[in-house]
Amino acid sequence: DVKVTQSSRYLVKRTGEKVFLECVQDMDHENMFWYRQDPGLGLRLIYFSYDVKMKEKGDIPEGYSVSREKKERFSLILESASTNQTSMYLCASSLSGLAENSDTQYFGPGTRLTVL
Amino acid sequence: AQSVTQLGSHVSVSEGALVLLRCNYSSSVPPYLFWYVQYPNQGLQLLLKYTSAATLVKGINGFEAEFKKSETSFHLTKPSAHMSDAAEYFCAVKGGTNAGKSTFGDGTTLTVKP
């Protein structure tokens, strides 16, 4: 089974702090994604990466950056956390290309971030 | 461009009753369509997907969905609800022009009453 793990289930930070959210997948997937989930707004894509050191902005990249130095790890960085970044953050991964199940995303358990 | 609309942010059914969760999509290319489920305090997991094969797709836990191109719909159904079906359900669409990326709906919370 594909396993996607996130470094923390719950995180509390203060306004202005730099925050790192880590995501690791163990199935050699090319694609990795960061979403935030807010009530009534569904999942909104922040960034995604289709290869090591490659990234593409999603729908709401402002205030965030990402890093993908190794294929299995995708980090989300909040350079200066703000209260409006309090949310659930979900990481996902998928295969690329024409492989079977290349279109299915596999999700981690999520990190609930609170910024005070 | 692609988008998904889930009709009804909350659906409540009695145990044993039919479950119907609605999803309409928009896509400029033949879509791939998905239903994911999220149980409390967990990430999303795939329930079922349509990838241009059979229009009636069967998934896990007795759920199924029918792709109707003329109605641009992909509604999720289950004949008899179980208490364990209580969760949030997300419909998603992936078009060929956005390789790797899916667009998710806002989600529908299903409550099952005893």
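The values are calculated or read from the model by the stated rules, or taken from the named source; none is laboratory data. Note that the coordinates shown come from a computational prediction; the quantities given were computed from them, not determined experimentally. Cβ placement follows ideal geometry from the backbone for every residue including glycine, while neighbour counts extend to all protein chains displayed. All accessible areas refer to the heavy atoms of the entire protein, side chains included, with ligands and DNA or RNA removed. Shrake-Rupley method; radii C 1.70, N 1.55, O 1.52, S 1.80 Å.
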Through the Karplus equation 6.51 cos²θ - 1.76 cosθ + 1.60, θ set to phi - 60°, convert the phi angles of region A:49-58 into ³J(HN,Hα) values in whole Hz; use x for Gly and Pro. 10, 10, 5, 4, 6, 9, 8, 9, 5, x
Want the number for residue A:86 to residue A:8: 0.36 nm per residue separation, take away the alpha-carbon distance, what's left? 26.6 nm
Projected area averaged over orientations for region A:64-116, convex hull of C-alpha atoms, nm²: 4.6 nm²
In whole Å and largest first, what semi-axes does the C-alpha gyration tensor of region B:33-85 yield when each eigenvalue is scaled by 5 and square-rooted? 21, 13, 9
Past the 27 Å Cα-Cα mark, which pairs from A:3/A:53; A:3/B:69; B:68/B:94? A:3/B:69
If you wrap a convex hull around the alpha carbons of chain A, what volume per residue comes out, as a whole number of Å³? 97 Å³
Counting only heavy atoms of the protein chains, get the accessible area per residue of region A:1-62 (1.4 Å probe) and round it to a whole Å² value. 57 Å²
Between region B:18-95 and region A:10-45, how far is it from one alpha carbon centroid to the other, in angstrom? 24 Å
Amide H neighbours of residue B:48 at under 5 Å, excluding residues fewer than 5 places away on the same chain, with H built from the backbone geometry, are B:35
Express in % the proportion of alpha carbon pairs of chain B at distances exceeding 22 Å. 27 percent
Using 1/(1 + (r/R0)^6) with R0 = 25 angstrom and r between the beta carbons of residue A:96 and residue B:17, what's the FRET efficiency to the nearest 0.05? 0.05
Solvent-accessible area per residue for chain B (1.4 angstrom probe, square angstrom): 46 Å²
